[in-house]
Amino acid sequence: SIGFRRWIVCGGALELNPDHVVPQSGTKIKGQDGGVKNLIKRRLQGDDKRKSSTQLNTAGLSVAGRYGSRESLSIPVSAAKSLDLSTDQTTVIRPVHSSILGEKYCFQVINSENNHCFGCSSAAERDRWIEDLRRAAHPNKDNCERTEYSLSLWVNEAKDLPPKKRYYCEVHLDGTLFARTSSRAVGKSVQRSSQAVDGGSGAAATGHGGGASGGCQLFWGEFFELDNLPPVNQITLHLFRDEDPKKKHHSKDDSIQHPLGSVALNLAEIKGRAYQEKWYPIVPYKPPGTSTTKDQVGPQASLRVKSKFKILKILPIERYKEFAEYITVNYVDMCSSLEPLLNVREKEELAGALVHVLQSIGKAKEFLIDLGSAEVQRLGENEALIFRENTLATKAIDEYMKLVGQKYLIDTLGDFIARLYSGGESCEVDPQKCSASDLPINQRHLKETCADVVKRITDMQDSFPAELNEIFSSWVSDCEDRGQTDIGHRLISASLFLRFLCPAILSPSLFGLTQAYPETNTLRTLTLTAKVIQNLANFTLFGEKEEYMFFMNEFLEQHWEPMRGFLQKVSDPDSEIAMARFDGYVDLPLRLAVLHNLLVDIIYVMKQDQIDNLHPLPSILNQITEFLGQEAQRIPVSSVHGTPKPTYLAPKDLPKYSPLQNSMQQLPIDSKSNQGKERQRKQVQRAFSVPNRPSRHQRQPVKRQTSKEELPTQCQDYNQDQDPCLEISSPSNAIKSKAPAAKVLWIKQNNSNEPYQQIRQELEETSTLDRHAQELGELRLGVEQVTERELEMAKRLEDFIVLTQEQNTQLQAEVQELRNLLAIREEHLASATFRLGVIEEEREEDERKLNVTVAAVERMNVLEEQFAGLLKDVHQLYAVNADGMRKTYINT
């Protein structure tokens, strides 16, 4: 079983004390630790090193830092499982920074009764233990809403401090010690590598005191990542003066019992996703009852800090279900759409968040394989640029190698870095920076150092991550299929050495190999070593730009074959080396919340057309945001994509709400059907069976109409009636006794002798016209009915199209699931085939051995028969000789 260490301090001395009252100065005097400290001091008289002001009652917590007050016990895993965590709801389980205990990978279990610290062998093992214990305390953790607090802090440098002293800083959250910097001596102002100072930002900070000029300079360049924090109200950095190692142990210096000054960080200023960097003035601390100002900091003393504090609300995991499914299926399309719109910092953050989410889901390897293949295809023949640009692929492989390769890195380079930090020999080989007499010695030191590193890298294969082996082998296979075998090996070399091993050698503090920034001499040795190892991995010699490194070309040529062998082994899918697998834990709800928060911040500031091109991702993100409260930031989405889903959804309205609908080909929809939705039905006007005839004295002659002419309506007849055409008789007719009959508008006037025949004919014509008008009205009614039927059929067709599209979506999802299942089955089949091949080879080998054994047995039988024959012949000869001798004796 796996063992770990546990530190137990009497009386619960390790227990945090949240109710402790901090003095008004904001610090705690070291002599106020009470009887626990004195008890432990009496029990274990250790090295009298520097003391610290802690709210952790750190008289018991500091391992190498004070009194050696610990008991190291190797106990089985069952001891941790026996802790009863379910009864106390106040139990806190969190990692402990290595600067507190002097040991890496420790975690703390705190409850109302006691406090236990456990040490693990790796970060992955520690994370797994923390998660298991948290689930024991809160079994339903993933289905509950929670809030996570984290602090990322760079303590870079201080200025205008009293000279000839050593100083260190302590990070306190609400009066409790959480981390401590290393002890560094004040020196002159020097230029430092920005990569080592703040992880690559390189931005010089301005602020209080006008930069870093003036006074004595002190440089730390140390980074602290504090997760799983309790709610925090105050972040304070205390500056302490360290003990003088030359002083005798019995001498007492009261000045180290109190901090020289403090810096308080404003939480409101550092909250958010971006780092905030500035010079903070150090507020001096004057101990009560003292009047000396000898060791007090001056008014210009300041501290350069770069920090960010994140508060993240995590929803139950079911809220992220659709989001996780989208990321799992569409990570390639999402990355290709977002990458042109991101800056370098956003690419780094997005790649890191995606790697952690996909690692928890089980798709991280496929994600990196796809990104690597896309990177090769994008660069084409420009193989010199592979993994040398700031792309999502390079940032993702960086983060993944840090995640799964941390133990391998420590096993390979941990002892080497510790030896250099403890005071290794000088390896300066530039003639302009060292004397001629020291140059041969330094060259020999550099060769020995590089040889040590190469041997560690090429020999340390058992702890090489199996996940990286699978990714590298897939890259090589893909490049071989493309006919680009050399690019495949360059891809591995660029990722493993350019992005992982050489940066870890150059900046070990950024990769968890150590905490302190290296001294000048050590930094130069690390730089030269990283150059040699990188040239070795690239199979290139030093050129004219670095003439002072020409002497290392022979070393490079001698180690090319071991390097080729190493690269071949780590990319061989059939390698016989038992490689290690990642056994850590990734908190999926936490990582999904981080990714959601990051994508919202990135997409929110984009233009609307860019946001629409990312559909349906913005809509999915907004659905999660709805559960975070009204103050949560929402992405502006166009109405077509952003309308929330109603309780009931008609099939014809599915395209408006389904976020995945645009991924399918849309069938054309008749525009007339859309117009018909808003068009009001016209009232059918029937033709009159008999025309609306005017009055008797206002009749007009009947006018035959063609089929294209419109019939006169009542309004038209009425207007015509207002101005009748009057017939004026001639004067000669005025003398007649009887006036002529009034004109009938639809009867033509005729003075012939057959008036009745004419009237009958005109009446027949009028009857025909009425019949035609009635038929025309019926036809119009029929047209209206046919139009209504067409609209109804169009609606049905639209519903059918929508239903078909929905079914196609479901079928595509089922097909994708079947494809995934088929891929898994194919992997299982390939694995089984491989195992079968191995078994078959073993069987053939056993059969060959059996045949050899049978042949040996047969040969043995033949030899035994021959031996028996010879023995029989010997007996016969012996008998013959005996007879002969007996006869001779008788005869004599």
Query - Local electrostatic count at Lys447 - Lys and Arg +1, Asp and Glu -1, tallied over other residues with Cβ under 14 Å - result: -3
**Report entry** Heavy-atom SASA rank of Glu389, Glu269, Glu554 (probe 1.4 Å, accessible area, largest first)
**Finding:** Glu554, Glu269, Glu389
**Report entry** Length gained when the stretch Glu827-Ala882 is fully extended (0.36 nm per residue, less Cα-Cα span)
**Finding:** 11.7 nm
Report task. Mind giving me the nanometre distance, one decimal, between the label points for Asp411 and Val92, set 7 Å out from Cα along Cα→Cβ? Result -> 3.5
Report summary line: One finds the C-alpha centres of segment 121-163 and segment 526-544 to be spaced, in Å, by 37
Query - segment 317-597, accessible surface, carbon-and-sulfur percent (1.4 angstrom probe) - result: 47
Query raised in the report: How large is the accessible surface per residue of segment 317-597, computed with a 1.4 Å probe and reported in Å² as a whole number?
Result: 42
Report summary line: Long-range share for segment 316-361, i.e. C-alpha pairs more than 16 Å apart as a percent of all pairs, stands at 42
Query raised in the report: Sorted by accessible area with a 1.4 angstrom probe, largest first, how do Asp452, Asp438 fall?
Result: Asp438, Asp452
Query raised in the report: So how many Å³ per residue does the convex hull of the Cα atoms of segment 317-597 work out to?
Result: 145
Query raised in the report: Full extension from Lys164 to Lys313: what is 0.36 nm times the residue separation minus their Cα-Cα distance, to one decimal in nm?
Result: 48.9 nm
Query - Phi to ³J(HN,Hα) by Karplus 6.51 cos²θ - 1.76 cosθ + 1.60 over segment 170-175, Hz, x for Gly, Pro - result: 10, 9, 10, 10, 6, x
Query - Over 31 Å (Cα to Cα) - which of Lys286/Lys308; Lys308/Lys455; Lys165/Lys271; Lys407/Lys849; Lys402/Lys433 fall in this group - result: Lys308/Lys455; Lys165/Lys271; Lys407/Lys849; Lys402/Lys433
Query raised in the report: Using a basic spin-label model with each label point 7 Å from the Cα along Cα→Cβ, how many nm lie between Glu113 and Leu267?
Result: 3.2
Query raised in the report: For the residue pair Asn891 and Leu818, what label-to-label distance in nm results when each label sits 7 Å from Cα along the Cα-to-beta-carbon direction?
Result: 10.6
Query raised in the report: Amide H neighbours of Gly261 under 5 Å, counting only residues 5+ apart in sequence or on other chains, H built in-plane at 1.01 Å?
Result: Leu239, Tyr285
Requested in this report: For Ala868 and Tyr604, compute 0.36 nm times the residue count separating them, minus their Cα-Cα distance, and round to one decimal in nm.
Outcome: 85.2 nm
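The values are calculated or read from the model by the stated rules, or taken from the named source; none is laboratory data. This one's a predicted model, so the numbers in the text were calculated from it and none came from an experiment. Neighbour counts run over all protein chains shown; Cβ positions are idealised from the backbone, glycine included. Surface accessibility is based on the protein's heavy atoms, side chains included, excluding ligands, DNA and RNA. Shrake-Rupley method; radii C 1.70, N 1.55, O 1.52, S 1.80 Å.
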